[in-house]
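Beneath this line is the structure, given in structure tokens, with notes to follow.
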Amino acid sequence: LIKDSVCFQIDESLKELYKGSGGSGSAAAIRIQFEYDVLNGVINDLTVNAFNDQDATDSLATIEKTQAGDLVIRDLAYMSLELLKRLIEKVVLFICRVNPTTKIYELINGNYEELNFDTIKRSMTKQQLPCLEKQVYLGWSDKLNVRLMIYLLPEEIVNERLRKARRNNNKKGRGQISKQYQARAHFNLFITNADKDVIPIEKVYLFYKLRWQIELMFKIWKSLCNIDKVKKVKRHRLECYIYSRLIFIVFAWQIIWITATVLFAIDNKPLSFFKTYKTLIRNKL
């Protein structure tokens, strides 16, 4: 199961119904939540909300649809410690990145000690290790036991990551980025509750990249289906426009998913969803 949201601005006359982020953009914006099963194409969630209905608050919305043995892959905005606890209780597997503010501990001689990422970086660099794995505990009070996969990044990526963090801090009037953030910026950090024999470290990043399939869908929604091309209209006309686009998207989705499944079974070839949506639009589905 992969989930994410897509956002776009609308005219600020609708800010009471669809509140935006404020700032330099429009005071009104829409957020659409989307979740589906990568294996069979079943859509779990497709809901239209105000922009300020954040991903974190939506993280538990579809948890009742999960079953033991499912694998949930989401961006870190959705993966609160509360959600992770609930998934563990339901024996649902997950792969996600670690929130930069989450404390990570190691159990050493019966004591919980916070990971020192400066030490880890020096050790991995010296031993020329591209990645390593640790059994860790998340949160000061929760102490959730998970596997942590640590991938060392090239310096150019680290420098760009730090530049973005500094720009963001300056934009929001914050102080200097912390030493802890600087240390953690050298890594991609992934966590999972799956056993090593189910998802070995060599497969974690590969599986996580499946999440980018949903970004491709959002590109289709915007560049081909024009779901975000909205004018200044009244609420009901706006909602009719958006829902009509979503109805088309779902109809096309069902056609494409069946076609893709058959094509892969017969010829072992993947189907381009982007090109197929383009074809369906051109032929006036």
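The values are calculated or read from the model by the stated rules, or taken from the named source; none is laboratory data. Just so it is clear, the model here is predicted, and its values are computed rather than measured. Glycine also receives a Cβ, built like all others from the backbone with ideal geometry; neighbour counts cover every protein chain displayed. Accessible surface is based on the protein model in full, side chains and every heavy atom, while ligands, DNA and RNA are left aside. Shrake-Rupley method; radii C 1.70, N 1.55, O 1.52, S 1.80 Å.
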Qualifying residues in segment 216-257 (those that are without any contact (Cβ under 8 Å) to a residue 12 or more places away in the chain and not in a loop (DSSP other than H, G, I, E, B)) - the one surrounded by the fewest Cβ atoms within 10 Å (Cβ to Cβ)
HIS236
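Please go through segment 191-202 and give me each residue that is part of a helix (DSSP H, G or I) and open to solvent by less than 90 Å² (accessible area, probe 1.4 Å), ordered by number. Spell out how you get there, then give the answer.
Keep residues of segment 191-202 that are part of a helix (DSSP H, G or I), which gives 201-202.
Of everything in segment 191-202, just one residue is part of a helix (DSSP H, G or I) and open to solvent by less than 90 Å² (accessible area, probe 1.4 Å), namely ILE201.
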Given (1) open to solvent by 20 Å² or more (accessible area, probe 1.4 Å); (2) farther than 20 Å from SER5 by Cβ, identify the lone condition not met by ILE150.
(1)
Matching residues in segment 112-128 - criterion: being more than 27 Å from TYR78 (Cα to Cα), without any contact (Cβ under 8 Å) to a residue 40 or more places away in the chain and open to solvent by 60 Å² or more (accessible area, probe 1.4 Å)
THR119, ARG122, THR125, LYS126, GLN127, GLN128
Mind counting the residues in segment 69-111 that are of a type in the set (A, V, I, L, M), part of a loop (DSSP other than H, G, I, E, B) and either farther than 19 Å from VAL204 by Cα or open to solvent by less than 30 Å² (accessible area, probe 1.4 Å) (or both)?
3
What are the residues in segment 27-44 that are open to solvent by 20 Å² or more (accessible area, probe 1.4 Å) and either of a type in the set (Gly, Ala, Ser) or not in a strand (DSSP E or B) (or both), if any?
ALA27, ASP37, VAL38, LEU39, ASN40, VAL42
